[in-house]
Amino acid sequence: MNQPEPDFAVMEKVLYNEEPSRIPFYEHLVDVEIMEEIMDFRIPSFQEEGEGYCKRLIEFYYELGYDYVPFELRPRFPATSHVRGKDTALYGRGERSWADEHGGSIETLEDLEAAHWPPVEEAFDYAGFEKVGELLPPGMKVIGGASGGPFEHASFIMGLEKLSLAVYRQPELVEELFRKIGERLVGIAEKLARMDFVGAYRFGDDLGYKSGTMFSPELLKKHVFPWYEKIVQATHEAGKPFLLHSCGNLEEVMGEIIETGIDAKHSFEDVITPVDEAKRRWGEDIAILGGVDVDFICQRTPQEVKEYTFRILEECAPGGGYALGTGNSVPNYMPVDNYLAMLEAGREFK
């Protein structure tokens with residue numbers, strides 16, 4: 001594929017809301033099945049073969065023209081309950097799982113105290129995380145860190161329904177749960193953000209539905225955003241930008257999110273806030289990333305995707321602070337040709 005050699009300085013310019021020399025690509029993640037379909041090789045899981053997984057991951061992002069590799073590992077928190085079902089996606093290869101909204105491993109203060117909460121030094125696989133850094137080619141860095149933000153972890157550990165009820169029935173449990181999660185996420189960020197191969201720190205913390213936030217703005221301000229601020233501060237003290245990936249309708253709280261100090265925001269849907277509108281509303285304060293609507297990419301032709309991508313670039317690229325990518329991620333139900341059409345438009349845009 002015809003693209004320039006990776007240069008993280010280009011991506012870094014965008015994250016600091018400046019104008020880059022070219023439009024870089026940004027993606028929160030690409031499903032393994034999509035990577036295998038494009039590259040025509042098998043990718044082992046990280047648990048199976050850490051170095052083999054990292055090599056394949058780097059090769060994919062290098063070949064497709066990214067200046068970085070997205071890489072996250074889950075903190076060692078109490079177990080999450082999962083629901084499983086058959087994966088019927090276009091490139092589905094087995095089973096899909098997702099967090100159980102109805103319950104989790106912790107329901108009471110006694111459960112919380114009995115659960116294993118390792119100290120920061122043991123709460124993350126730091127050696128595993130360093131594997132990808134050892135293999136990076138010149139010019140590339142990692143954007144990533146410990147996967148999941150404070151809200152996601154709390155809702156996964158308790159189940160969203162139980163967490164929502166506990167806010168009113170067991171407020172002391174909720175307060176302590178967010179403290180245990182938040183303190184560890186801050187400590188992990190302090191360590192990871194100082195690693196030389198980490199170009200920017202990030203996590204995903206989905207906060208909303210299409211209609212609004214899952215927690216009320218008041219509860220997010222109380223339990224979630226103070227931890228954002230501490231993690232962002234730790235990242236900035238390490239001299240790195242911070243990037244938030246968060247799905248859903250966050251209009252009521254975008255001001256508060258920006259005030260935590262984040263440098264960039266990812267995840268935009270046309271049915272909520274189209275990315276060009278997001279650029280107009282918040283682009284003076286933070287970088288705006290992605291926004292090529294996933295539903296559009298999945299349902300249209302490659303040519304339509306390309307034309308749509310050009311329109312987004314014409315609206316969002318001027319003035320800088322924008323990187324091209326999907327509005328959420330590249331799931332295994334997205335037609336490969338349509339994903340590649342988006343990237344082709346980015347390479348051709350002047």
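Quick note: the coordinates plus some simple rules give every number you see, no bench work behind them. This structure is a prediction, so every number in the text was calculated from the model and none was measured. When we count neighbours, we look across all protein chains shown, and the Cβ atoms used for this are built from the backbone with ideal geometry, even at glycine.
Applying the Karplus relation 6.51 cos²θ - 1.76 cosθ + 1.60 with θ = phi - 60° to the stretch 88-93 yields 3J(HN,Hα) values of 9, 5, 3, 10, x, 9 Hz, where x marks Gly and Pro. Of all DSSP-defined beta bridges confined to the chain, some 25% are antiparallel rather than parallel. May I ask for the angle, rounded to the nearest 10°, between helix 225-237 and the longest principal axis of the chain, with both axes built from Cα atoms and the value confined to 0 to 90°? Result, in degrees: 60. Only the Cβ atoms of Lys and Arg (+1) and of Asp and Glu (-1) were treated as charged; on that basis the dipole of the stretch 8-348 about its Cα centre amounts to roughly 180 debye.
Can you give me the relative contact order of the chain as a percent, contacts being Cα pairs under 8 Å and 6 or more apart? Taking the mean separation of contacting Cα pairs over the length of the chain, I get 22 percent.
The distance linking the stretch 16-80 with the stretch 139-181 is 24 Å (Cα centroid to Cα centroid, whole angstrom). Note on the chain: GNM, Cα springs under 10 Å; of L15, L207, L289, the largest mean-square fluctuation is that of L207. Taking the C-alpha atoms only, the angle from helix 126-135 to the longest principal axis of the chain is near 10 degrees. Subtracting the Cα-Cα distance of A89 and M39 from their residue separation scaled by 0.36 nm leaves 16.1 nm.
Taking other Cβ atoms within 10 Å as a rough exposure proxy, F8, F242 sort from fewest to most as F8, F242. When the C-alpha to C-alpha distance is required to be over 30 Å, the pairs from K210/K350; K131/K265; K240/K279; K162/K230; K141/K306; K55/K162 that qualify are K210/K350; K55/K162.
The amide H of V69, built 1.01 Å from its N in the peptide plane, has K141, V142, I143 as neighbours under 5 Å, considering only residues 5 or more places off or on other chains.
As a ratio to 2.2 N^0.38 Å, the alpha-carbon radius of gyration computed for the chain takes the value 0.96.
Quick one: angle between helix 336-348 and the longest Cα principal axis of the chain, in degrees between 0 and 90, rounded to 10, please. Its long axis makes an angle of about 60 degrees. Counting beta carbons within 10 Å around each of H245, H266, H82, H116 and listing the fewest first gives the order H116, H82, H245, H266. Listing T80, T235 from fewest to most neighbouring C-beta atoms within 10 Å gives T80, T235. For the stretch 282-326, GluC sites (Glu not before Pro) are listed when DSSP marks them as loop and at most 14 other Cβ atoms sit within 10 Å of their Cβ; the list is E284.
Taking H placed 1.01 Å from N in the peptide plane, check which residues at least 5 places from A264 or on another chain put their amide H under 5 Å from its amide H. Those lying under 5 Å, H to H, from A264 are F242, L244, A287.
Among residues other than L185 with Cβ under 13 Å from its Cβ, the summed charge is +2 (Lys and Arg +1, Asp and Glu -1). When restricted to Cα atoms, the stretch 68-186 yields an Rg and a Dmax of 16.9, 53 Å, respectively.
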